[in-house]
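The next block holds one structure in the form of structure tokens; read it before the comments.
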Amino acid sequence: MSKETNRRDFIGYSFAAVAAVGGAASLVGMKQAWDPLPSVLAGGFTTVDLASIKAGEPETFVWRGKPVFVLKKTAEMEKSERDLIVGADRYIIAIGLCTHLGCIPAWSKNMWKCACHGGEYDANAKNTFGPPPRPLDVPPFKIDGSTIVLGETGPEYNTIAAFVATEA
Ligand code: FES
């Protein structure tokens, strides 16, 4: 084998190595460009610490731009199949948009009242008066210890959503 051939082989291998490294770097760059930004991924989920919620005083959280009501029931409030039971506590979780035309109902005297056309929902988020055609919707959620993760679905969501579908 001549010296010239060895040199040519070496140059060929070098080009191949540089092309392989360049190709791999390009693939990594393309993947980074295609993957959703971390802020977009995080935007799909909202976590709610149930320990921070006082009984009888619903809190409103934002999930994907929508208000979500989380009510910790008092002992006096009527039980419902819609209740999410965590430990010894019962919660109602509902998308805070009126099922009539989408206004945001306000909590007052143990019910949500919609100022737009007078619709009312009881503490179980069930429509009880006015034009709303169905209860407040249930957002997808799952339970992780004493935290609700809005945006994922767990068995509790499936059970409650199936019940609410029968109320509509
Ligand atoms: S939008 Fe709520 S009652 Fe009409």
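Quick note: the coordinates plus some simple rules give every number you see, no bench work behind them. A quick note: this is a predicted structure, and the numbers were derived from the prediction, not measured.
Relative to the longest principal axis of the Cα atoms of the chain, the long axis of helix 3-34 makes an angle of roughly 10 degrees.
The mean sequence distance of close C-alpha pairs (under 8 Å, at least 6 residues apart), as a share of the length of the chain, puts its relative contact order at 17 percent. An oblate overall shape is assigned to the stretch 59-131, the ratio a/c of its alpha-carbon gyration tensor axes (a ≥ b ≥ c) being 1.5 or greater and a/b not exceeding b/c.
For the chain, the tally of Lys pairs with Cα-Cα distances below 19 Å comes to 19, considering only residues 8 or more apart or on different chains.
The angle separating the long axis of helix 155-167 from the principal Cα axis of greatest extent in the chain is about 50 degrees. In whole percents, the pair-distance distribution calculated for the chain from its alpha-carbon pairs, binned every 10 Å from zero, is 9, 30, 23, 9, 7, 7, 6, 5, 3, 1.
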